[in-house]
Amino acid sequence: NKMLYNDQIVERENLINIEDRGYQFGDGIYEVIGVYDGKPLMLDEHLVRLERSAREVQLNLPSPANELKTKLEELVAENGLNEGIIYMQISRGAAPRWHEYPAKDVLPVTIAYTRAEERETAVEDEGATAVLAEDIRWLRCDIKTLNLLPNVMAKQKAVENNAIEAILHRGETVTEASASNVFIVKDGELYTHPADNFILNGITRRKVLQLCDSLNLKVNEETYTVDDLLKADEVFITATKLDIVPILEVDGKKIGTGKPGPVVKQLIREFRALYMDETVK
Ligand code: PMP
């Protein structure tokens, strides 16, 4: 099994310096990309988001995104990965431990590896449950940084309650979930938190918005409350690899009929057709 280490594909081993800033400060950015039929899905979109994250934290990417793209495709081929994910992170590099950014000659450290993972179609078809958790994160959730401790704590709460996700709220406002975006459906219209500093603008979220557009489904990129969520006709989450999962129960309260609704079912169908189109090239 191979990994990408800076610009080289090498045998996977532990090459990380103990003073790597990703390790010590969570000072870095990352992406998780789904791989279907040996092809990374929406890779360009992930790389554009990576470039944006880098800009927002003033991290100079060591190589242009198109070079990174070639390397990631090479890695997937080297590892013979058919279905799974690519994990890629870029830290600000290794330097003596001081909080401020290190000297300009300290280069960022890029790593990427793959993990084989089957698609969980059962959970898409049958749905899952979620819990609520207060969103205790910082005010730049739009940047995909390595600082995930609040997300980790929220997901732990979900798992301890046999739920797939923790849906986060800041006061009354639903933001997103610990590792996914949240949509609700009410009277035939969809609602999802606007892509501002309070959420990560998911690649899957954006695809769902495009799909809704082509299906003439009205989406309101507006905030909504916990009460709206609990009274919704349908609730679903979106994320890489999970794709679209209906949420049938939140904190033990049944959503709508308690079964996957017509809107989410249609979106799952369309989404499957779409990535099959993209990967069959
Ligand atoms: N929000 C958060 C907090 C996430 O970590 C993720 C990614 N797992 C998402 C949303 C979904 O983003 P994407 O569709 O790009 O995977």
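When shorter helices are ignored and each DSSP H run of at least 4 residues is given -39500 (n - 2.57), the per-residue value for the chain at 222 nm works out to -9000 deg cm²/dmol. Given R0 = 51 Å, the distance between the Cβ atoms of residue 266 and residue 65 translates into a calculated FRET efficiency of 0.95. Other residues whose C-beta falls under 12 angstrom from the C-beta of residue 259 contribute a net charge of -3, scoring Lys and Arg +1 and Asp and Glu -1. The Cα-based radius of gyration and maximum Cα-Cα distance (Dmax) for the chain are 19.2, 59 Å. Among residues other than residue 157 with Cβ under 13 Å from its Cβ, the summed charge is -4 (Lys and Arg +1, Asp and Glu -1).
Simple spin-label estimate for residue 23 and residue 186 gives 4.9 nm between the two label positions (7 Å along the Cα-to-Cβ direction from each Cα). Across region 1-122, Cα-Cα pairs farther apart than 18 Å form 52% of the total.
Neighbours of residue 192 by Cβ distance under 10 Å: Lys/Arg scored +1, Asp/Glu scored -1, total -2.
Readers should treat all values here as calculations from the given coordinates under stated rules, not as data from a laboratory. Nothing here was measured: the structure is a model prediction, and the numbers come from that model. Positions of Cβ are generated from backbone atoms using ideal geometry, with glycine treated the same way; all protein chains shown enter the neighbour counts.
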